[in-house]
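The values are calculated or read from the model by the stated rules, or taken from the named source; none is laboratory data. Treat the numbers as computed from the prediction; the structure is a model and nothing was measured. Here Cβ is always computed from backbone atoms with ideal geometry, including for glycine, and neighbour counts include all displayed protein chains.
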Amino acid sequence: MSESINDEIVSSINQLAKTLIQQNKTVAVAESCTGGWLSKVLTDLPGSSHWFLGGVVSYSNEAKQHFLNVNKGDIDQYGAVSQSVAEQMVKGVEAGFKPSISLSVTGVAGPSGGTVDKPVGLVWFAVKATDMPVSSVMKNFIGDREQVRQKAVLTALTLLIDQLTT
């Protein structure tokens, strides 16, 4: 793992935790391509149980459907790595955990699985705060599997911070 990105992740977690505590808010996440890495780094911080409610690692399409209520038709039509699926994932995790803010991440980490339309490094994120509409963003990361996943974790943290501080 790149030390500079690792340092950024640690710094972001500390900033996120401080913001959540100050605002008396909680967070939950739905992960696919990050495979639990986001939940892991969130819980690395002692005291995270005060603001981190939990996460769902929905790596398979069936898990997305069963645990997050993602529509099978949308997975078939748009693919698991899509804006539609990311937005349904975030709504599903919000419904399950009832946090103040939710985030989802789904992407193609590689080294295989990419296509012309959805290359390795393509990642969709969705963020939803209570009583707010879903906000989604797509990123294209360059790097190997670990680098793509690491950049996705950092981006997820940044999106959560931005949502809480704007």
Can you find a residue in the range 39-52 that is within 10 Å of the chain's Cα centre (by Cα), surrounded by 16 or more Cβ atoms within 10 Å (Cβ to Cβ) and not basic (Lys, Arg)?
yes
THR106 - would you say it is modelled with pLDDT of 95 or more, closer than 19 Å to GLY55 by Cα and surrounded by fewer than 24 Cβ atoms within 10 Å (Cβ to Cβ)?
no
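Residue under question is VAL90, and the condition is that it be crowded, with 17+ Cβ neighbours inside 10 Å, in contact with a Phe, Trp or Tyr (Cβ under 6 Å, 6 or more places away or on another chain) and within 19 Å of LEU160 (Cα to Cα); does it hold?
Answer is no for this residue.
For (1) out of contact with any Phe, Trp or Tyr (no Cβ under 9 Å at 6 or more places or on another chain); (2) surrounded by 20 or more Cβ atoms within 10 Å (Cβ to Cβ); (3) modelled with pLDDT of 95 or more; (4) of a type in the set (A, V, I, L, M, F, W, C), each residue gets a yes or a no:
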residue: VAL29; (1), (2), (3), (4): no, yes, yes, yes
residue: GLY55; (1), (2), (3), (4): no, yes, yes, no
residue: LYS64; (1), (2), (3), (4): yes, yes, yes, no
residue: TYR78; (1), (2), (3), (4): yes, no, yes, no
residue: PRO119; (1), (2), (3), (4): yes, no, no, no
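Per-residue answers, yes or no, for (1) of a type in the set (Val, Ile, Thr); (2) closer than 20 Å to TRP37 by Cα:
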| residue | (1), (2) |
| --- | --- |
| GLU87 | no, yes |
| SER100 | no, no |
| VAL116 | yes, no |
| ALA126 | no, yes |
| VAL137 | yes, yes |
| ASN140 | no, yes |
| LYS151 | no, yes |
| LEU154 | no, yes |
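May I ask you to say which residue of ILE142, ILE161 is under 13 Å from the mean Cα position of the chain (by Cα), closer than 19 Å to ILE9 by Cα and of a type in the set (Val, Ile, Thr)? Show your work before the answer.
Working: ILE142 fails: under 13 Å from the mean Cα position of the chain (by Cα).
Step by step, each of ILE142, ILE161 is checked, and only ILE161 is under 13 Å from the mean Cα position of the chain (by Cα), closer than 19 Å to ILE9 by Cα and of a type in the set (Val, Ile, Thr).
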Scan the range 107-120 and tell me whether some residue there is in contact (Cβ under 8 Å) with a residue 24 or more places away in the chain and within 30 Å of ILE21 (Cβ to Cβ).
yes
Residues of the range 41-80 satisfying the condition of being acidic (Asp, Glu) and not in a loop (DSSP other than H, G, I, E, B)
GLU62, ASP74, ASP76
